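Sharing a structure with you now.
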Amino acid sequence: MLLWLGGSVLYSQSTSSEEVDESESYLEKLKQNIDVLNEGQERPPIDVDGLGEVIIHESGRLKPLDSYARTMLLVMSGRSTYEGQEAIAWLARVMWEPEKTVDQRIFKITFDQVLVALGIKPDKSRRYTYNELTRGFPVLVQLVQLAQNKDKDYQTPADKEFLRIYDNFLIYNQIMNSFLFSLPVQTFLISSEEVKGTLGLPLDKNYFSFADIMRISDRLREETTRIQSQDNWGAKEVLIIDLEQKYDGFLQDFGDLPYRFFPSYTHGEKFFSAWDIFRVSGGNDIMNGEVDNLDRMVKAYLDRDQSTFDSNLSQFQSRVQGKIENKRVLTQITAELLYNRLDPLYRTQLILGVAFLFIMIFFILKRPILRKISVWLLGLGLVFLLIGMVNRFIITLRPPITNLFETFVFVAGVSIILGLIIERFHKKGLGVLSGVLSGVILLLISNRFAASGDTMDVLVAVLRSNFWLSTHVITINLGYTGIFLSGVIGHLYLFQCLKKNADRNKLKNTYRVIYAIQAFGLIFTLMGTILGGVWADQSWGRFWGWDPKENGSLMIVLWSAILFHAHFDGIIKDLGYAIGSILGIVVLMIAWFGINLLGVGLHSYGFIAGIAYTLYSYIALQIILVAILYGVIEYRQQKEKLAKTEAVKEIKGSVEKPV
Amino acid sequence: MKYMKIWNIPFLPVKGKTIYRFGSSLKITVLCLLSLFILTFAGTYYQADYGLYAAQNRFFYSWFVPLLGFIPFPGGKLVLSILTINLIFAVFRYPYRWEKIGIIFIHYGIIFLLLASAFTHYVAKESVVVLEEGQSTDVSLDYYHSELAMWEEEGGSRKVVAYDAENIGKGEILFVKYGVEIVPLYYYEHASPANFQEPGAVSASGITSLLYLPPPKSQEGISPGGLFEVRVGGEGSKKVLLWEGEPHPFPITLPDGRTVFLKLQRIRYPLPFTIKLKEFIKEDYFGTGIAKRYESVVDIVEEGVSRPARVFMNNPLRTEGYIFFQASFAQDQAGNRQSVLATVSNRGYWIPYLAGVIIGLGLLIHFIVMFLKRIKRIKFSV
């Protein structure tokens, strides 16, 4: 029941109170079962790298288990490794030695409120254990119910945090359960040697797993039928009947799992979990195929038997792969494994960081070679970013932008390209600096979105149109790039203004770059907005409906248009234009994900709690920064003017004096 | 800048020139754009609390809007009208030179777009068709507004008289037909049935009373109701509760034995054909509740001739000036699925497309012109 419950929470976030209550009693049961396991001696686990290549079906798509492990670890703990272990090694432990993971610091909780409410003592690492959460679980359930009864728009950040932790906790439970059929459990405690002998179970063991019983299930059935026809039951007979009932009842506690291992025989894309298979077909004949391999893998893992583990894993793999009809899946899985290992977007960030160092040193030392190196590094960063995008395309066969995460990656890429183009014309380091800054900032933002789940998630129905995804979405994001980059260069303009005796020509040059990039942004945002209208007309029947997302892009277009016309008319000068382009970033950010944070509209496609605060504090800081810079620049200019008039007076004075 | 100086045209009177110069002023353009920016921002935030419909009417489909509750601010209609006039004046002022042709195209396109939006606003009719599998209909329903309808069944067809619910005022006689007079005693814009018994009131579906509710965030969910006095040909009167959520109409027996029906319902617009939902398909991504696609398989029946058609996301059905979109779906507790098809009749639907093409062309031309200029400059410097 609990497993199914977790699934429903994960996908629809609506759980009735009954289900939550049941899950509580279920936890007790699971804990009992797990406690039994806490007997074995501690030996370092075997190498499970190959496990990552296992194909699973999760949240609507096929992926390697490695991706699932990484995403889950990132979602739960905010980190990509656990105490130096790869994500897959962490996952293997949670699946196969759940009892040894209950004190691992996995659940990241940053809200103090939440900790206080759950009665958890704050820890420096800001990560908490399964055991700690279990103690707070009864309170958590009540708080989650409270949050779920609220309209989504009225949930507080704390509510959202409770829901998030609850979801994570349940998923963690599901992972702990996913191989419970292979683990020796309290339920199947058989100490009577007579019973073991009758059923053909090994005499030296007392605790058995569900799979062990399944292997002898035919014998068990025979025995029960025989016993039921008898009148006189001894202790042995009672124990066997009891065992049979426990065996039948065991499955009822487990349902859907977050991920599934087994491709179906008839539909290549549909996968099932081991539990699904047990339920559909009982009997020991299923212990011959993949289930048997998995069971032996678990036993080998527990016995630290590397060679048995490896041989069963490879047998399992070849069996599963043989059943997959669509062979492209295999290419896709290979590509995704490569993507996970290479982590090209992370590498891009590292390279851009180094490029940033070089360009800053160039500004200080003025050695041309440093600028050249930074240009090459920026180019190298771009190459890695492109590798990442191509790799993602091979995996998903979708245009480059399908979700919020990918918009940031795409815009980062185009910013770098534009930065390189600017550098090609100006050769002063301005292009590199703006390209590096935009790239790093945008990729850092994208990291936050990656930490909220699978970045190659399935698409909702309205987005399933490659035509519109590759026209409207690309165009509007090209526009976003222009607005963003022009704002970044706007900052550089202000800093150039700050310098004493700023070079007029240099300033004019920078202004021209801002102007050109802003024009680029306006052109594409306008075009993208109109294309968006056409798409809306195609799918909802109205060209324009003042929907938040539409309003967002309209605001960008309007802001940019205001800048152009005001400058054209002389209402604002170059400095005003630069400041306007900086504030353009604020408008852009509101349109980009601020509007989504309002949580209304047909278009909203991704909410992340906490981002709202970051956004609001960014807006405040940005405006304060611009105000201060503007204040200082104006003050300097006034002083310069004053000094000039003083000088003129003095000259006049000195001329006048002799007379 | 070389302007085509229209104010130098000799026959234009001096006053006209001043007006012209004022009308095409860039300062007005900037002011309009800024106002629209503020309106858009305010309107978007307003939506979070009051819903899209309220925000549209308050900020964008109005001439004036009280900002922050009391500051009078030009509304969407006013700003866009001034902007349109300003633009029309301005395009005659442009320097008509080759390198500006892209910019000129863009502005012509925007004029087109603004005119199209005004046209659409006044001409287009948006409504909705809600069908269960196997059902058919020849009317579409208004999204937001209701009517009080009375009809008599005559074979397969109905003769309906209806009164716009918006205009229902207390105490006045709404209409007299078949010798029946309807007088509203009270009317709530949004209501729900309540447990207590309204003294002397009857209803078609067993409702005993109505409770006033504040209007919901999404106007589509509004469900009006009220208490009406029904007088039949001088034979005394009945107090009837009518609520839009009721499944059945209220039957009234006339003195001559005929029966007419009374119902509060969404305003109905006749379609020139019958649309029948044969099948509704909803496909989820396996193992999730995320919809992969939904599709309505329909028949369009016109003068006895039937033809099949499919409506799904990003693939509307266009026929006879009407367009049907797969907007959403609903499922009742029995598991019956309803398909919700948004229906638009808009003779001007192509205008924004044309405007889009003009603007796009302008942007493209301008881009190329700028690019060529850039190339030239590079050659210069080499």
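Given points 7 Å out from each Cα along the Cα-Cβ axis, report the B:Val202 to B:Leu372 separation in nanometres with one decimal.
The answer from the label model is 8.3 nm.
To the nearest 20 Debye, how big is the dipole of the protein assembly as shown about its Cα centre, given +1 on the beta carbon of each Lys and Arg and -1 on that of each Asp and Glu?
8160 debye
While we're looking at this one, here's another question. Ignore the peptide's own chain and count Cβ atoms of other chains within 10 Å of each Cβ in A:531-543; give me the average, rounded.
Numbers: counts 2, 0, 6, 3, 1, 0, 9, 6, 9, 9, 15, 9, 13.
That average works out to 6.
Does segment B:214-300 come out rounded, prolate or oblate by the C-alpha gyration tensor, with a ≥ b ≥ c the root eigenvalues, rounded set by a/c under 1.5 and, if not, prolate when a/b is larger than b/c and oblate if not?
Working: a/c = 3.55, a/b = 2.01, b/c = 1.77.
The shape class here is prolate.
Report, in degrees rounded to the nearest 10, the 0 to 90 angle that the Cα long axis of helix B:76-91 makes with the longest principal axis of chain B.
Rounded to the nearest ten degrees, it is 30.
Tell me, what is the percent relative contact order of chain B, built from C-alpha pairs under 8 Å that lie six or more residues apart?
Rounded, it is 18 percent for chain B.
Still on this structure, please answer the following. Within 10 Å of each Cβ in B:35-45, how many Cβ atoms from other chains are there, averaged over the peptide?
Mean shielding count: 6.
Let me ask something else. How do B:367-373, A:200-206 rank on mean C-beta neighbours within 10 Å, highest first? Show your work: numbers first, answer last.
On the way: B:367-373: 13.0, A:200-206: 11.4.
Sorting B:367-373, A:200-206 by mean packing, highest first, produces B:367-373, A:200-206.
Over the alpha carbons of segment A:386-439, what is the largest minus smallest coordinate on each principal axis, giving the biggest first in Å?
40, 18, 12
Something else now. Have a look at A:Ala211, A:Gln228, A:Gln148 and report the one farthest towards the positive end of the charge dipole of segment A:118-229, computed about the Cα centre with Cβ charges (Lys/Arg +1, Asp/Glu -1).
Towards the positive end, the residue furthest out is A:Gln148.
Let me ask you something else. Any idea what angle helix A:574-589 forms with the longest principal axis of chain A, computed on alpha-carbon atoms, 0 to 90 degrees, nearest 10?
10 degrees
Please give the net charge around A:Glu58, taking every other residue with its beta carbon less than 9 angstrom from that of A:Glu58, where Lys and Arg add +1 and Asp and Glu add -1. Walk me through the numbers before you get to the answer.
On the way: positive: A:Arg61, A:Lys63, A:Arg260; negative: A:Asp454.
In short, +2.
Quick one: helix A:548-568 against the long Cα principal axis of chain A, what's the angle to the nearest 10°, folded into 0 to 90?
20 degrees
Is segment A:395-477 rounded, prolate or oblate when judged by the Cα gyration tensor, a ≥ b ≥ c being the square roots of its eigenvalues, rounded requiring a/c under 1.5 and prolate requiring a/b larger than b/c?
oblate
Between segment A:506-553 and segment B:209-249, what's the alpha-carbon centroid distance in Å?
47 Å
In deg cm²/dmol and to the nearest 500, what is the mean residue ellipticity at 222 nm of chain A if only DSSP H runs of at least 4 residues count, each as -39500 (n - 2.57), divided by the residue total?
Helices in chain A give a 222 nm mean residue ellipticity of -22500 deg cm²/dmol.
Along each of its three principal axes, how wide is the spread of alpha-carbon positions in segment B:26-105, in whole angstrom units, largest first?
Rounded to whole Å, the extents work out to 49, 21, 15 Å.
Mind checking the dipole of segment B:239-380: about its Cα centre, +1 per Lys or Arg Cβ, -1 per Asp or Glu Cβ, Debye to the nearest 20? Please report the intermediate quantities before stating the final value.
On the way: 20 positive and 12 negative charges, 247 e Å.
The dipole magnitude comes to about 1180 debye.
While we're looking at this one, here's another question. For each pair in A:Lys508/A:Lys649; B:Lys217/B:Lys263; A:Lys150/A:Lys549; A:Lys499/A:Lys573; A:Lys573/A:Lys652; A:Lys428/B:Lys373, compute the distance between the two Cα atoms and list the pairs where it is over 27 Å.
With Cα atoms farther than 27 Å apart: A:Lys508/A:Lys649; A:Lys573/A:Lys652.
When the distances between all Cα atoms of the protein assembly as shown are binned every 10 Å from zero, what whole-number percent does each bin get?
2, 8, 15, 18, 18, 15, 12, 7, 3, 1, 1, 0, 0, 0, 0
The numbers here are math on the coordinates, done by the rules we state, and not lab data. In this text the structure is predicted, and so the values were computed from the model without any measurement. Cβ coordinates were reconstructed from backbone atoms using ideal geometry, including for glycine residues, and neighbour counts include every protein chain displayed.
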